[in-house]
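Novice: Structure provided below as structure tokens; questions to follow.
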Amino acid sequence: VTVKKKLIRCGVIGLGRSGWNIHVNSILKNRDFLILGVCDVDPKVLRKATKLLKCKGYINYIDLLNDEDIDLIIVSTTTKTHYTIASKALKAKKHVLLEKPLTSNILEMKNLKKLSKKNSKFIIPFFNFRFAKEFNIIEDILYKKLIGDVFLIKRNVSYFNRRDDWQAKKSESGGIINAAAIHHLDQIIQLKNKLPVDVWKDLKQVVTKGDTFDHSKILMKFADGCIADIEVSWASALAGYPWHILGTQGSIRQIDNILECKWFDKKDVEKKINQKRSYYANEKIKWKKRKFILDKKYAHGISPTFYKKIYNSIVKNETLPVKIESIISMMTMLKKYKIN
Ligand SMILES: NC(=O)c1ccc[n+]([C@@H]2O[C@H](COP(=O)([O-])OP(=O)(O)OC[C@H]3O[C@@H](n4cnc5c(N)ncnc54)[C@H](O)[C@@H]3O)[C@@H](O)[C@H]2O)c1
């Protein structure tokens, strides 16, 4: 007897860079999901999508929510519209995958959490960088304590982009923090598994054509003394190292698509007795090294893992890949330090 595998039937609302490039693309590569319908207010975009996907298309998302066969709604519209659409989707008894930064304010996030509970449907924040290949390698190295105790984490995601779309506007909840930095701040908090005890920030408008910040430097101090130095900028003509982590027994560094780890075991340090006239400690260290070549397409944090995990949560009742509580607590911290 062949048991039919459960398919998750989806509706995608908003077919732009995220909706089309990330979500539709990921779903098409995963046989556990099926797109039943799509929605966009732009008729041209909608026509193109329905033709390619051979599914139903709607200009008004309410009509998509009325399709009883849909299990999961993906909300990938402009940020300002997220709250209304996501709350209506939960009330329509759909699971919701909601693009970052979720909503424009914390109260709305808390309301979505309540609606999710009330309607017994999941709200899943799409913080895809938690499942980026390089990030999972780093998590693994730190978990195994290969480089000892970490005392400095430098994260740099910088390039040159004079944005002039809605993401450059304050009124649209745009800006470097909501559009980009929250992914990387969230990564650091995941690595530390707790919120910082102190935060310093410098936010600037440098080359943007809009009215909100396009450059951010954030320093976080954790209870164990570890410092995180996070720079996310659209005003940097030359890129920095995406990751550089210092521990008491080694380092991790990413340059372009190469991630390296260099470390030693305490037993492999040999102190020599005859000190010469040297400025260096006269000791021999048996370094260990590992190198990971990263697939360039993972540079934007898109890996198939997120959708696999969504499937396991909905069908096999496994824990959600990202819990909304973790995003609410990060956003509350950012608000406290006037970062968002
Ligand atoms: N997780 C990531 O890595 C990632 C990457 C890019 C964008 N995003 C997020 O995805 C969301 C969309 O960003 P984007 O860059 O794709 O924007 P976009 O402007 O490229 O696309 C948004 C689309 O939504 C449509 N739309 C707007 N209002 C609508 C409504 N009421 N009903 C139906 N369709 C509507 C627009 O016509 C447009 O096609 C944002 O919240 C952004 O923060 C996340």
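Novice: Show me the strands (runs of 3 or more DSSP E) found entirely inside the range 122-207 where at least 3 residues are farther than 28 Å from residue 90 by Cα and in contact (Cβ under 8 Å) with a residue 40 or more places away in the chain.
Specialist: Filter on the range 122-207 gives 150-158, 198-204.
Novice: Next question, about the same structure. Got a sec? Which strands (runs of 3 or more DSSP E) wholly within the range 226-340 have at least 3 residues that are modelled with pLDDT of 95 or more?
Specialist: Because the criterion is at least 3 residues that are modelled with pLDDT of 95 or more, the strands (runs of 3 or more DSSP E) in the range 226-340 that meet it are 227-233, 243-247, 250-255, 258-263, 288-293.
Every residue, every condition in (1) of a type outside the set (A, V, I, L, M, F, W, C); (2) over 19 Å from the mean Cα position of the chain (by Cα), yes or no:
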residue	(1), (2)
85	no, yes
101	yes, no
105	yes, no
120	yes, yes
136	yes, no
144	yes, yes
153	no, no
162	yes, yes
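Novice: Out of 239, 223, 179, report the one residue that is over 23 Å from residue 138 (Cα atoms) and either away from the ligand (no atom under 16 Å from the Cβ) or of a type in the set (A, V, I, L, M, F, W, C) (or both).
Specialist: 179
Novice: Kindly indicate the residue of the range 186-233 that is of a type in the set (Gly, Ala, Ser) and out of contact with any Asp or Glu (no Cβ under 8 Å at 6 or more places or on another chain) and also nearest to residue 154 (Cα to Cα) among those meeting that condition.
Specialist: Out of the qualifying residues, it is 228.
Novice: Moving on. Where residues in the range 1-44 are among the aliphatic types (A, V, I, L, M) and touching a residue at least 40 places away in the same chain (Cβ under 8 Å), which of them is farthest from residue 68 (Cα to Cα)?
Specialist: The residue in question is 22.
Novice: Using beta carbons and a limit of 9 Å, which pairs, at least six apart or on different chains, have the first residue in the range 326-339 and within 14 Å of residue 220 (Cα to Cα) and the second one of a type in the set (Ser, Thr, Tyr) and surrounded by 15 or more Cβ atoms within 10 Å (Cβ to Cβ)?
Specialist: The qualifying pairs are 339/216.
Novice: Right, here's the next one. How many residues does the range 208-218 contain that are under 28 Å from residue 324 (Cβ atoms) and not in a loop (DSSP other than H, G, I, E, B)?
Specialist: Selection size over the range 208-218: 3.
Novice: Do any helices (runs of 4 or more DSSP H) entirely within the range 12-107 hold 1 or more residues that are near the ligand (Cβ under 10 Å from one of its atoms), modelled with pLDDT of 95 or more and surrounded by 18 or more Cβ atoms within 10 Å (Cβ to Cβ), and if so, which?
Specialist: 43-53, 61-65, 82-91
Novice: Moving on to the next point. Of the residues in the range 155-172, how many are within 9 Å of the ligand (Cβ to nearest atom) and buried (at least 23 other Cβ atoms within 10 Å of the Cβ)?
Specialist: Residues that pass the stated criteria total 1.
Novice: Just to verify a result, which residue in the range 222-236, among those that are in contact with a Phe, Trp or Tyr (Cβ under 8 Å, 6 or more places away or on another chain) and surrounded by fewer than 18 Cβ atoms within 10 Å (Cβ to Cβ), is nearest to residue 161 (Cα to Cα)?
Specialist: Looking at the filtered set, the residue picked out is 227.
Novice: Follow-up question, since we're still on this one. Go through the range 108-120 residue by residue and tally those that are in contact with a helix residue (DSSP H, G or I) (Cβ under 9 Å, 6 or more places away or on another chain) and either hydroxyl-bearing (Ser, Thr, Tyr) or within 11 Å of the ligand (Cβ to nearest atom) (or both).
Specialist: The number of residues fulfilling the criteria is 1.
The values are calculated or read from the model by the stated rules, or taken from the named source; none is laboratory data. Bear in mind the structure is a predicted one, so any value in this text is a computation, not a measurement. Neighbour counts run over all protein chains shown; Cβ positions are idealised from the backbone, glycine included.
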